[in-house]
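Novice: Mind looking over this structure? Questions follow.
The values are calculated or read from the model by the stated rules, or taken from the named source; none is laboratory data. Just so it is clear, the model here is predicted, and its values are computed rather than measured. Note that each Cβ is placed from the backbone with ideal geometry, even for glycine, and that neighbours are counted across all protein chains shown. Remember, those area values only see protein heavy atoms, side chains included, never the ligands or the DNA or RNA. Shrake-Rupley method; radii C 1.70, N 1.55, O 1.52, S 1.80 Å.
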Amino acid sequence: MAANLFNRYIWLVNQIYSSGGISREEINRRWSRSHLNERHEISIPERTFHRHKEAIKELFGINIACDRSGDALYRITDSEDLEQNEMKSWLLNTFAVNNLFHESRHLKHRILFEEIPSGQRFLTPVIASMRDGRTINLTYRGFRHKKSSIFEIEPYCIKIFHQRWYMLGRSTSDGIMRVYSLDRVLGLEPMDRKFTIPEEFDAADYFADVIGVIVDCEEESEPVEIEVTDGQQHYLRTLPLHRTQEEVECTDEYSVFTLRLKPTFDFIQELRKYGPSLRVRFPQWLRDRMVHDAVITIDNYNKKT
């Protein structure tokens, strides 16, 4: 029952948000053919509709109002906040797409997804511990280690990167912040010990200067300039590598992009994906690193099998 109500709230928010403004009559018309309408109601009762509005405001902080003085359409009054809030936007989009798939089941074999490893099964206890401010005991084995280890961690935040879920946590033993991949977690036990995240901690700020999940707090951000050819510039233009990316030169043959970030291993891996279509202009050390890696790659291919 609770899950069905939750889905109804998301459904209602999505109808109003995606339309930019919608009448009660149109809401009722869409509701009459929704897969969530298990009772086959021809409309959402007025009292139920207003209870849904209040619940949506309380649960998600999303305010729905009707312009009685104008076109009498229902709108989300703080839609800009919704668009800028990553968690609200992700939650809304996830459930909205899920509802759409339920309504279009005959297309299930024509809609394909990228799989995420089984580490996502630990998301629920991690998020619960984050919410309650409680530590967790983590049984963990990295790819470079033969044996597993047990750590007591204060879970600070979670992040998804390249189809893997990662958790940033502070070790209770040495106070060091580390990132753990949930697909390398062998066991997880919520603990009773409470912890408090420092008021100044901001998850988005923590990862703001990097691509991916590797963060070296002692490393400084620096400017990077890359030249991209072979049509790959269009991909970078529509899906930037980093929030600081700017296109500073554009010709028929190539484009030049600048970024300011910490050039970590994850960033270098992203550059490698473009192969000969991408050339680092500066900094020099990064140019040298890309050349060195290219030489090693050639040597590997020249080895006799």
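Novice: Which is farthest toward the positive dipole end of the chain among Thr264, Val179, Tyr206, measuring Cα position about the Cα centre, with Cβ charges +1 (Lys, Arg) and -1 (Asp, Glu)?
Specialist: Val179
Novice: Where the only charges are on Cβ atoms (+1 Lys, Arg; -1 Asp, Glu), what is the dipole of the range 3-50 about its Cα centre, to the nearest 20 debye? Present the calculation step by step, with values, prior to reporting the outcome.
Specialist: Working: 7 positive and 5 negative charges, 8 e Å.
In debye, rounded to 20, the range 3-50 gives about 40.
Novice: Where in the range 243-258 is the amide nitrogen less than 16 Å from a point lying 7 Å along the Cα-to-Cβ axis of Glu220?
Specialist: none
Novice: For q values of 0.13, 0.14, 0.19, 0.24 Å⁻¹, compute log₁₀ I(q)/I(0) with the Debye formula on a Cα-only model of the range 128-242, without solvent.
Specialist: Normalising to I(0) and taking log10 leaves -0.62, -0.70, -1.07, -1.49.
Novice: Please give me the summed charge of the neighbours of Thr124: other residues whose Cβ is under 13 Å from its Cβ, Lys and Arg +1, Asp and Glu -1.
Specialist: On the way: positive: Arg121, Arg131; negative: Asp132.
Here the charged neighbours net out to +1.
Novice: Still on this structure, I have one more. Work out, step by step, the length gained on full extension between Asp293 and Glu253: first 0.36 nm times the residue separation, then minus their alpha carbon distance; give nm to one decimal.
Specialist: Net length gain for the segment: 11.9 nm.
Novice: If I require 20 Å or longer along the helix axis, counting alpha carbons, and a Kyte-Doolittle average no lower than -0.5, what helices from the chain are left? Use full DSSP H segments.
Specialist: Working: long enough: 2-19 (26 Å, 0.20); 46-60 (21 Å, -1.25); 86-103 (25 Å, -0.12); 284-302 (27 Å, -0.59).
The answer, listed by residue number, is 2-19, 86-103.
Novice: Could you report the chain's accessible area per residue, 1.4 Å probe, as an integer in Å²? Write out the running numbers ahead of the final one.
Specialist: Values: 19510 Å² over 305 residues.
Averaged over the residues of the chain, the accessible area is 64 Å².
Novice: Once a ≥ b ≥ c are taken as the square roots of the eigenvalues of the Cα gyration tensor of the range 117-174, is the result rounded (a/c under 1.5), prolate (a/b larger than b/c) or oblate (a/b not larger than b/c)?
Specialist: Because a/c hits 1.5 or more and a/b fails to exceed b/c, the range 117-174 counts as oblate.
Novice: How large is the charge dipole for the chain, taken about the Cα centre, if only the Cβ atoms of Lys, Arg (+1) and Asp, Glu (-1) carry charge, to the nearest 20 debye? Mind showing how you got there, number by number?
Specialist: Values: 42 positive and 47 negative charges, 336 e Å.
Dipole magnitude for the chain comes out near 1620 debye.
Novice: Keeping the other protein chains in place, figure out the carbon and sulfur percent of the accessible area of the range 250-304, with a 1.4 Å probe.
Specialist: Numbers: 1950 of 3500 Å².
Carbon and sulfur atoms account for 56 percent of the accessible area of the range 250-304.
Novice: Let me ask you something else. So between Ser19 and Thr172, what do we pick up on full extension, going 0.36 nm a residue minus the alpha carbon distance?
Specialist: 50.3 nm
Novice: Place a +1 charge on the Cβ of each Lys and Arg in the range 218-305 and a -1 charge on the Cβ of each Asp and Glu, then give the dipole magnitude about the Cα centre in debye, rounded to the nearest 20. Don't skip to the end; give the middle numbers.
Specialist: Values: 12 positive and 17 negative charges, 81 e Å.
With only Lys, Arg, Asp and Glu charged at Cβ, the dipole is about 380 debye.
Novice: Excluding Tyr166 itself, what net charge comes from residues whose Cβ is under 12 Å from its Cβ, given Lys and Arg +1 and Asp and Glu -1? Display every interim value, and only then the final one.
Specialist: Working: positive: Lys159, Arg164, Arg178, Arg184; negative: Asp183, Asp266.
Neighbour charge sum, excluding Tyr166 itself: +2.
Novice: How many angstrom lie between the Cα centre of the range 175-224 and the Cα centre of the range 1-39?
Specialist: 38
Novice: Let me ask you something else. Just how many pairs of Lys in the chain have C-alpha atoms closer than 27 Å, counting pairs that are eight or more places apart or on different chains?
Specialist: So the count of such lysine pairs works out to 14.
Novice: Based on the mean of other beta carbon atoms within 10 Å per residue, what is the order of 138-149, 161-172, most packed first? Kindly include the intermediate steps, with their values, before the conclusion.
Specialist: Numbers: 138-149: 11.7, 161-172: 18.4.
Result, highest mean first: 161-172, 138-149.
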